[in-house]
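Read through the structure below, which is laid out as structure tokens, and then see the notes.
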Amino acid sequence: MADLKVLFGFHAVGVRLKTAPASVMEVLHDPTRRDARMRQFLQRAREAGVRLVEADSVRIARLAGTHGHQGVAARVQELARSHSVDDLLDSLQAPPLLLVLDGVTDPHNLGACLRVADGAGAHAIIAPKDHAAGINATVAKVASGAAETVPYFMVTNLARQLMELKERGITVVGTSDDAPQTLYQADLRGPLALVLGAEGQGMRQLTRKRCDVLVSIPMHGAVESLNVSVASGVCLYEARRQRG
């Protein structure tokens, strides 16, 4: 089963059952959990024709790598995805809306960013291969299925990738506390890549230099910054609002 991967939790497994049921090889479930949520989930799996396997919580935890599996895990085939940012951009019919994460290493933050990117209709997330979280079971769980729907590209050289986006006519907008204008003053309607750095340190200097525009998110309370996933949501949904 080297070509298979594991998903766990109701959201992550449920989204795969909904979007690509043929790729689900088997679903393991804890038979001691008999609540309404589990019954509804198992009914959906049966309707999808998926093989169901009863397994105790310990066995599911070993497979998932965590005890936070909610009594559900699945072995699934990898889905075909665009192999590169260029492949994805070439396939788009609408102006690109991309989220670029520079230095986000926490899997919970990445999972939350994937979830908000899916909700806002972002076409992909781009991150550097170094100093960034990759997709794992924890990310998939937090993303509530969005790890299955939002392409996530880890590139060798982020600064060079941003230059290539600009060569394609994509405006690169970075976020910074000291930006001369706010997010709400910027024009986000065209082909767009929104760049956010890790909470606290922000974008790296070279990444900042590659941005066409810098914007800030107005802060009206005592805290100085937002969690990166919350900031991603604010930025992506403002772009989506401007696009109508």
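The values are calculated or read from the model by the stated rules, or taken from the named source; none is laboratory data. Predicted model only: the values in this text are computed from it and were never measured. Don't worry about glycine lacking a Cβ; one is built from the backbone with ideal geometry, like all the others, and counts go over all protein chains shown. Please note that ligands, DNA and RNA were not included when accessible areas were found on the heavy atoms of the full protein model with its side chains. Shrake-Rupley method; radii C 1.70, N 1.55, O 1.52, S 1.80 Å.
If you go through the range 212-228 and pick out every residue that is among the aliphatic types (A, V, I, L, M) and open to solvent by 80 Å² or more (accessible area, probe 1.4 Å), you end up with 2. Number of residues in the range 90-103 that are among the aliphatic types (A, V, I, L, M) and surrounded by fewer than 23 Cβ atoms within 10 Å (Cβ to Cβ): the value is 2. Quick one: in the range 72-84, of everything that is within 14 Å of residue 26 (Cα to Cα) and not aliphatic (A, V, I, L, M), which residue is modelled with the highest pLDDT? Across the range 72-84, the extreme among qualifying residues is 75. On the basis of being aliphatic (A, V, I, L, M) and surrounded by fewer than 22 Cβ atoms within 10 Å (Cβ to Cβ), does residue 48 make the cut? So residue 48 fits the description; yes. If you go through the range 15-44 and keep only what is within 13 Å of residue 71 (Cβ to Cβ) and either among the charged types (D, E, K, R) or open to solvent by less than 10 Å² (accessible area, probe 1.4 Å) (or both), you end up with 27, 28, 30, 33, 34, 35, 37, 38, 39, 41.
Please determine whether any residue of the range 55-66 is open to solvent by 20 Å² or more (accessible area, probe 1.4 Å), in contact (Cβ under 8 Å) with a residue 60 or more places away in the chain and out of contact with any Ser or Thr (no Cβ under 6 Å at 6 or more places or on another chain). Checked the range 55-66: at least one residue is open to solvent by 20 Å² or more (accessible area, probe 1.4 Å), in contact (Cβ under 8 Å) with a residue 60 or more places away in the chain and out of contact with any Ser or Thr (no Cβ under 6 Å at 6 or more places or on another chain).
Here residue 79 meets the list (1) surrounded by 19 or more Cβ atoms within 10 Å (Cβ to Cβ); (2) closer than 22 Å to residue 17 by Cβ; (3) out of contact with any Leu (no Cβ under 6 Å at 6 or more places or on another chain); (4) not aromatic (Phe, Trp, Tyr) almost entirely, failing just condition (1).
Pairs, please: C-beta under 7 Å, at least 6 apart or cross-chain, first residue under 15 Å from residue 130 (Cβ atoms) and in the range 153-165, second basic (Lys, Arg)? Within 7 Å, the pairs are 154/129; 155/129; 156/129; 159/210.
Matching residues to (1) farther than 30 Å from residue 26 by Cβ; (2) part of a loop (DSSP other than H, G, I, E, B); (3) under 11 Å from the mean Cα position of the chain (by Cα):
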residue: 67; (1), (2), (3): no, yes, no
residue: 86; (1), (2), (3): yes, no, no
residue: 122; (1), (2), (3): yes, yes, yes
residue: 131; (1), (2), (3): yes, yes, no
residue: 134; (1), (2), (3): no, yes, yes
residue: 165; (1), (2), (3): yes, no, no
residue: 169; (1), (2), (3): yes, yes, no
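Summed over the range 185-211, residues that are surrounded by 14 or more Cβ atoms within 10 Å (Cβ to Cβ) and either on the phi > 0 side of the Ramachandran plot or not β-branched (Val, Ile, Thr) (or both) total 17. Taking residue 13 as the residue in question, decide whether it is within 19 Å of residue 143 (Cβ to Cβ), in contact with a helix residue (DSSP H, G or I) (Cβ under 6 Å, 6 or more places away or on another chain) and either β-branched (Val, Ile, Thr) or without any contact (Cβ under 8 Å) to a residue 24 or more places away in the chain (or both). No, not satisfied. Among the conditions (1) open to solvent by less than 40 Å² (accessible area, probe 1.4 Å); (2) in contact (Cβ under 8 Å) with a residue 40 or more places away in the chain; (3) over 23 Å from residue 92 (Cα atoms), the only one that residue 141 does not satisfy is (1). Whether any residue in the range 79-97 is of a type in the set (Gly, Ala, Ser), in contact (Cβ under 8 Å) with a residue 40 or more places away in the chain and touching a helix residue (DSSP H, G or I) at 6+ places or on another chain (Cβ under 6 Å) is what I want to check. Yes.
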